[in-house]
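Shown next, in C-alpha coordinates, is the structure this report addresses.
The values are calculated or read from the model by the stated rules, or taken from the named source; none is laboratory data. Only a predicted model underlies this, so the values are computations on that prediction, with no experimental measurement involved. Every residue, glycine among them, receives a Cβ derived from its backbone with ideal geometry; neighbour counts consider all protein chains shown. Side chains are part of the model used for accessible areas, which takes the heavy atoms of the whole protein and leaves out ligands, DNA and RNA. Shrake-Rupley method; radii C 1.70, N 1.55, O 1.52, S 1.80 Å.
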Amino acid sequence: MVPDGRSPGRLGDMTEQQQTPHDLPDAAGLVIGILGGTGDQGKGLARRFALAGHRVVIGSRKAERAQQAADELGAGLAVSGAENPVAAGQADVVIVAVPWDGHRATLESLRAELAGKIVVDCVNPLGFEKGKGAYALPVEEGSAAQQAAAVLPDSRVVAAFHHVSAKLLLDPEVDGMDLDVLVLGDDRESTDLVQALAGRIPGMRGVYGGRLHNAHQVEAFTANLISINRRYKSHAGLRVTDV
Ligand SMILES: NC(=O)c1ccc[n+]([C@@H]2O[C@H](COP(=O)([O-])OP(=O)(O)OC[C@H]3O[C@@H](n4cnc5c(N)ncnc54)[C@H](OP(=O)(O)O)[C@@H]3O)[C@@H](O)[C@H]2O)c1
(Lines give C-alpha, C1' and ligand atoms only; values in the text may rest on other atoms or scores of the structure.)
Protein backbone atom coordinates (compact mmCIF):
# COMPACT_ATOMS: atom_id res chain seq x y z
CA MET A 1 0.00 0.00 0.00
CA VAL A 2 1.32 3.41 -0.86
CA PRO A 3 0.03 6.74 0.51
CA ASP A 4 -2.07 9.31 -1.38
CA GLY A 5 -4.64 6.70 -2.37
CA ARG A 6 -2.27 4.92 -4.74
CA SER A 7 -3.17 1.43 -3.70
CA PRO A 8 -1.80 -1.40 -5.84
CA GLY A 9 -5.43 -2.01 -6.85
CA ARG A 10 -5.78 1.46 -8.33
CA LEU A 11 -2.52 1.11 -10.21
CA GLY A 12 -3.82 -2.21 -11.50
CA ASP A 13 -7.00 -0.60 -12.77
CA MET A 14 -4.98 2.01 -14.62
CA THR A 15 -2.86 -0.65 -16.30
CA GLU A 16 -5.93 -2.53 -17.51
CA GLN A 17 -7.22 0.64 -19.19
CA GLN A 18 -4.00 1.24 -21.09
CA GLN A 19 -4.19 0.77 -24.84
CA THR A 20 -0.62 1.16 -26.08
CA PRO A 21 2.87 1.16 -24.54
CA HIS A 22 2.73 4.96 -24.75
CA ASP A 23 -0.29 5.23 -22.43
CA LEU A 24 1.26 5.63 -19.02
CA PRO A 25 -0.29 6.17 -15.59
CA ASP A 26 -0.34 9.55 -13.89
CA ALA A 27 2.76 9.85 -11.72
CA ALA A 28 1.97 13.36 -10.45
CA GLY A 29 1.71 13.53 -6.68
CA LEU A 30 4.02 10.62 -5.99
CA VAL A 31 6.31 11.24 -3.01
CA ILE A 32 9.87 10.30 -3.86
CA GLY A 33 12.49 9.14 -1.38
CA ILE A 34 16.15 8.98 -2.37
CA LEU A 35 18.61 6.76 -0.50
CA GLY A 36 22.03 8.37 -0.64
CA GLY A 37 20.31 11.55 -1.79
CA THR A 38 23.17 13.71 -0.49
CA GLY A 39 25.38 12.68 -3.45
CA ASP A 40 25.33 14.42 -6.83
CA GLN A 41 23.06 11.87 -8.50
CA GLY A 42 20.49 11.76 -5.70
CA LYS A 43 20.51 15.50 -5.18
CA GLY A 44 20.23 16.12 -8.92
CA LEU A 45 17.21 13.81 -9.23
CA ALA A 46 15.72 15.38 -6.09
CA ARG A 47 16.07 18.82 -7.66
CA ARG A 48 14.44 17.83 -10.95
CA PHE A 49 11.56 15.93 -9.35
CA ALA A 50 10.91 18.77 -6.92
CA LEU A 51 10.91 21.25 -9.82
CA ALA A 52 8.36 18.94 -11.49
CA GLY A 53 6.12 19.35 -8.44
CA HIS A 54 6.91 16.23 -6.43
CA ARG A 55 7.54 16.10 -2.70
CA VAL A 56 11.01 14.63 -2.25
CA VAL A 57 12.67 13.23 0.86
CA ILE A 58 16.45 13.12 0.62
CA GLY A 59 17.86 10.19 2.60
CA SER A 60 21.26 9.89 4.23
CA ARG A 61 23.03 7.85 6.87
CA LYS A 62 22.99 11.10 8.88
CA ALA A 63 19.87 13.25 9.27
CA GLU A 64 21.93 16.49 9.41
CA ARG A 65 23.60 15.73 6.08
CA ALA A 66 20.21 15.04 4.51
CA GLN A 67 18.81 18.30 5.83
CA GLN A 68 21.84 20.20 4.58
CA ALA A 69 21.41 18.72 1.10
CA ALA A 70 17.72 19.65 1.13
CA ASP A 71 18.58 23.20 2.22
CA GLU A 72 21.19 23.49 -0.55
CA LEU A 73 18.50 22.85 -3.15
CA GLY A 74 16.88 26.06 -2.03
CA ALA A 75 13.67 27.47 -0.70
CA GLY A 76 10.44 27.02 -2.56
CA LEU A 77 11.00 23.34 -3.38
CA ALA A 78 9.19 20.60 -1.44
CA VAL A 79 12.40 18.83 -0.45
CA SER A 80 13.13 17.60 3.07
CA GLY A 81 15.95 15.54 4.53
CA ALA A 82 15.91 12.52 6.84
CA GLU A 83 17.82 9.36 7.66
CA ASN A 84 17.49 6.71 4.95
CA PRO A 85 14.89 4.59 6.82
CA VAL A 86 12.64 7.62 7.33
CA ALA A 87 13.03 8.69 3.70
CA ALA A 88 12.14 5.15 2.60
CA GLY A 89 9.16 5.02 4.92
CA GLN A 90 7.69 8.36 3.80
CA ALA A 91 7.99 7.78 0.06
CA ASP A 92 5.76 6.10 -2.53
CA VAL A 93 8.73 5.43 -4.80
CA VAL A 94 12.27 5.03 -3.43
CA ILE A 95 15.33 5.67 -5.60
CA VAL A 96 18.57 3.94 -4.63
CA ALA A 97 21.49 6.33 -5.28
CA VAL A 98 24.25 4.98 -3.06
CA PRO A 99 27.67 3.83 -4.34
CA TRP A 100 27.91 0.21 -5.46
CA ASP A 101 30.06 -0.79 -2.49
CA GLY A 102 27.29 0.27 -0.08
CA HIS A 103 24.44 -1.15 -2.17
CA ARG A 104 23.76 -4.54 -0.62
CA ALA A 105 24.22 -3.48 3.01
CA THR A 106 22.01 -0.40 2.57
CA LEU A 107 19.15 -2.41 1.07
CA GLU A 108 19.48 -5.26 3.57
CA SER A 109 19.11 -2.75 6.40
CA LEU A 110 15.93 -1.27 4.87
CA ARG A 111 14.04 -4.43 3.92
CA ALA A 112 11.10 -3.64 6.22
CA GLU A 113 10.80 0.03 5.18
CA LEU A 114 10.96 -0.87 1.48
CA ALA A 115 8.45 -3.74 1.61
CA GLY A 116 5.51 -3.15 -0.73
CA LYS A 117 7.20 -0.18 -2.41
CA ILE A 118 8.57 0.47 -5.85
CA VAL A 119 12.36 0.64 -5.50
CA VAL A 120 14.18 2.27 -8.41
CA ASP A 121 17.83 1.26 -8.69
CA CYS A 122 20.18 3.54 -10.65
CA VAL A 123 23.42 2.05 -9.33
CA ASN A 124 26.18 1.29 -11.82
CA PRO A 125 28.70 -1.29 -10.56
CA LEU A 126 31.82 0.13 -12.17
CA GLY A 127 35.54 -0.04 -11.59
CA PHE A 128 38.14 2.45 -12.79
CA GLU A 129 41.56 1.53 -14.13
CA LYS A 130 44.27 4.15 -14.48
CA GLY A 131 44.89 4.87 -18.15
CA LYS A 132 41.95 2.72 -19.29
CA GLY A 133 38.97 4.35 -17.60
CA ALA A 134 35.72 2.85 -16.39
CA TYR A 135 34.68 -0.79 -16.82
CA ALA A 136 31.77 -2.93 -15.65
CA LEU A 137 32.32 -5.04 -12.55
CA PRO A 138 30.99 -8.59 -12.45
CA VAL A 139 28.01 -8.96 -10.11
CA GLU A 140 27.11 -12.31 -8.59
CA GLU A 141 23.37 -11.77 -9.07
CA GLY A 142 23.87 -10.47 -12.63
CA SER A 143 23.40 -6.75 -11.96
CA ALA A 144 22.89 -4.25 -9.17
CA ALA A 145 19.16 -4.27 -9.90
CA GLN A 146 18.98 -8.06 -9.65
CA GLN A 147 20.90 -7.89 -6.38
CA ALA A 148 18.28 -5.40 -5.13
CA ALA A 149 15.49 -7.76 -6.18
CA ALA A 150 17.20 -10.66 -4.40
CA VAL A 151 17.70 -8.65 -1.21
CA LEU A 152 14.18 -7.12 -1.33
CA PRO A 153 11.74 -9.94 -2.20
CA ASP A 154 8.78 -7.90 -0.90
CA SER A 155 9.54 -4.81 -3.01
CA ARG A 156 8.97 -4.15 -6.70
CA VAL A 157 12.42 -3.39 -8.08
CA VAL A 158 12.82 -1.32 -11.22
CA ALA A 159 16.11 -0.31 -12.85
CA ALA A 160 16.29 3.23 -14.30
CA PHE A 161 18.22 6.53 -14.48
CA HIS A 162 21.64 4.86 -15.01
CA HIS A 163 22.70 7.14 -17.85
CA VAL A 164 21.50 10.45 -16.46
CA SER A 165 24.28 12.95 -15.85
CA ALA A 166 24.23 14.26 -12.28
CA LYS A 167 26.08 17.34 -13.47
CA LEU A 168 23.28 18.24 -15.90
CA LEU A 169 20.59 17.44 -13.33
CA LEU A 170 22.19 19.93 -10.95
CA ASP A 171 23.01 22.62 -13.53
CA PRO A 172 20.62 25.58 -13.11
CA GLU A 173 21.44 26.65 -16.70
CA VAL A 174 20.04 23.38 -18.08
CA ASP A 175 16.26 23.65 -18.44
CA GLY A 176 15.59 20.27 -20.03
CA MET A 177 17.32 16.89 -19.97
CA ASP A 178 17.86 15.65 -23.51
CA LEU A 179 17.73 11.87 -23.12
CA ASP A 180 15.69 8.69 -22.88
CA VAL A 181 15.79 6.70 -19.66
CA LEU A 182 15.75 2.95 -20.08
CA VAL A 183 13.35 1.44 -17.54
CA LEU A 184 13.66 -2.27 -16.75
CA GLY A 185 11.71 -4.53 -14.47
CA ASP A 186 9.68 -7.69 -14.10
CA ASP A 187 6.44 -5.95 -13.11
CA ARG A 188 4.78 -3.98 -15.92
CA GLU A 189 2.71 -1.81 -13.57
CA SER A 190 5.91 -0.64 -11.87
CA THR A 191 7.89 -0.05 -15.06
CA ASP A 192 4.95 1.94 -16.49
CA LEU A 193 4.86 4.12 -13.39
CA VAL A 194 8.62 4.73 -13.43
CA GLN A 195 8.47 5.54 -17.17
CA ALA A 196 5.78 8.08 -16.32
CA LEU A 197 7.94 9.43 -13.51
CA ALA A 198 10.90 9.91 -15.84
CA GLY A 199 8.58 11.77 -18.19
CA ARG A 200 7.81 14.29 -15.44
CA ILE A 201 11.26 15.82 -15.99
CA PRO A 202 11.24 18.11 -19.04
CA GLY A 203 13.09 16.57 -22.00
CA MET A 204 13.35 13.15 -20.39
CA ARG A 205 11.40 10.14 -21.64
CA GLY A 206 11.07 6.74 -19.99
CA VAL A 207 11.39 3.85 -22.45
CA TYR A 208 10.75 0.25 -21.43
CA GLY A 209 14.05 -1.62 -21.75
CA GLY A 210 13.26 -5.19 -20.78
CA ARG A 211 13.23 -7.34 -17.69
CA LEU A 212 15.67 -7.18 -14.84
CA HIS A 213 17.84 -9.93 -16.31
CA ASN A 214 18.77 -7.39 -18.97
CA ALA A 215 19.88 -4.76 -16.45
CA HIS A 216 23.55 -5.74 -16.50
CA GLN A 217 24.34 -4.32 -19.92
CA VAL A 218 22.39 -1.14 -19.18
CA GLU A 219 24.42 -0.60 -16.02
CA ALA A 220 27.60 -1.59 -17.86
CA PHE A 221 26.92 0.78 -20.76
CA THR A 222 27.55 3.65 -18.37
CA ALA A 223 31.25 2.81 -18.70
CA ASN A 224 30.97 3.48 -22.45
CA LEU A 225 29.19 6.77 -21.79
CA ILE A 226 32.00 7.78 -19.42
CA SER A 227 34.52 7.05 -22.18
CA ILE A 228 32.44 9.12 -24.62
CA ASN A 229 32.27 11.96 -22.12
CA ARG A 230 36.03 11.92 -21.58
CA ARG A 231 36.77 11.93 -25.29
CA TYR A 232 34.24 14.60 -26.28
CA LYS A 233 34.16 16.58 -23.00
CA SER A 234 30.39 15.97 -22.96
CA HIS A 235 27.56 14.73 -20.78
CA ALA A 236 26.21 12.21 -23.25
CA GLY A 237 22.83 10.53 -22.97
CA LEU A 238 20.89 7.99 -25.00
CA ARG A 239 18.00 8.42 -27.43
CA VAL A 240 16.09 5.37 -28.66
CA THR A 241 14.87 5.87 -32.24
CA ASP A 242 11.58 4.78 -33.85
CA VAL A 243 9.77 4.45 -30.52
N1 LIG B 1 27.01 10.66 -10.53
C2 LIG B 1 26.37 10.36 -11.65
O3 LIG B 1 26.43 11.11 -12.65
C4 LIG B 1 25.55 9.10 -11.73
C5 LIG B 1 24.75 8.88 -12.86
C6 LIG B 1 23.97 7.72 -12.92
C7 LIG B 1 23.99 6.81 -11.88
N8 LIG B 1 24.79 7.05 -10.80
C9 LIG B 1 24.79 6.07 -9.72
O10 LIG B 1 24.19 6.70 -8.60
C11 LIG B 1 24.84 6.28 -7.40
C12 LIG B 1 25.25 7.52 -6.62
O13 LIG B 1 26.17 8.27 -7.35
P14 LIG B 1 26.87 9.56 -6.70
O15 LIG B 1 27.84 10.05 -7.68
O16 LIG B 1 25.81 10.47 -6.20
O17 LIG B 1 27.61 8.84 -5.47
P18 LIG B 1 28.27 9.37 -4.13
O19 LIG B 1 28.21 10.85 -4.09
O20 LIG B 1 29.59 8.72 -4.00
O21 LIG B 1 27.33 8.72 -3.01
C22 LIG B 1 26.01 9.13 -2.79
C23 LIG B 1 25.72 9.11 -1.30
O24 LIG B 1 25.71 7.76 -0.82
C25 LIG B 1 26.04 7.75 0.56
N26 LIG B 1 27.04 6.71 0.78
C27 LIG B 1 28.38 6.75 0.53
N28 LIG B 1 28.97 5.58 0.84
C29 LIG B 1 27.97 4.78 1.32
C30 LIG B 1 27.95 3.46 1.81
N31 LIG B 1 29.05 2.69 1.87
N32 LIG B 1 26.74 2.96 2.22
C33 LIG B 1 25.61 3.71 2.16
N34 LIG B 1 25.60 4.98 1.71
C35 LIG B 1 26.75 5.50 1.27
C36 LIG B 1 26.57 9.13 0.89
O37 LIG B 1 25.56 9.79 1.63
P38 LIG B 1 25.55 9.93 3.23
O39 LIG B 1 26.99 9.95 3.67
O40 LIG B 1 24.89 11.22 3.41
O41 LIG B 1 24.79 8.74 3.71
C42 LIG B 1 26.75 9.81 -0.43
O43 LIG B 1 26.51 11.19 -0.40
C44 LIG B 1 26.03 5.41 -7.81
O45 LIG B 1 25.72 4.07 -7.58
C46 LIG B 1 26.21 5.69 -9.29
O47 LIG B 1 26.64 4.53 -9.99
C48 LIG B 1 25.56 8.17 -10.70
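With ARG55, ARG61 as the choices, which residue is open to solvent by 50 Å² or more (accessible area, probe 1.4 Å) and within 7 Å of the ligand (Cβ to nearest atom)? Answer to the selection: ARG61. Against the test of being buried (at least 18 other Cβ atoms within 10 Å of the Cβ) and more than 15 Å from the ligand (Cβ to nearest atom), the options GLY131, GLY185, GLY142, GLY176 yield a single qualifying residue, GLY185. In this structure, ASP92 does not qualify as buried (at least 17 other Cβ atoms within 10 Å of the Cβ), touching a strand residue (DSSP E or B) at 6+ places or on another chain (Cβ under 6 Å) and charged (D, E, K, R).
Going by what's in this entry, would GLU219 be described as within 17 Å of GLY142 (Cα to Cα), charged (D, E, K, R) and either open to solvent by less than 50 Å² (accessible area, probe 1.4 Å) or touching a residue at least 40 places away in the same chain (Cβ under 8 Å) (or both)? When the stated conditions are applied, GLU219 passes them. With respect to (1) within 12 Å of the ligand (Cβ to nearest atom); (2) touching a strand residue (DSSP E or B) at 6+ places or on another chain (Cβ under 7 Å), the lone exception for LYS167 is condition (2). State yes or no: is GLU219 over 25 Å from TRP100 (Cβ atoms), at pLDDT 95 or above and in a helix (DSSP H, G or I)? Answer is no for this residue.
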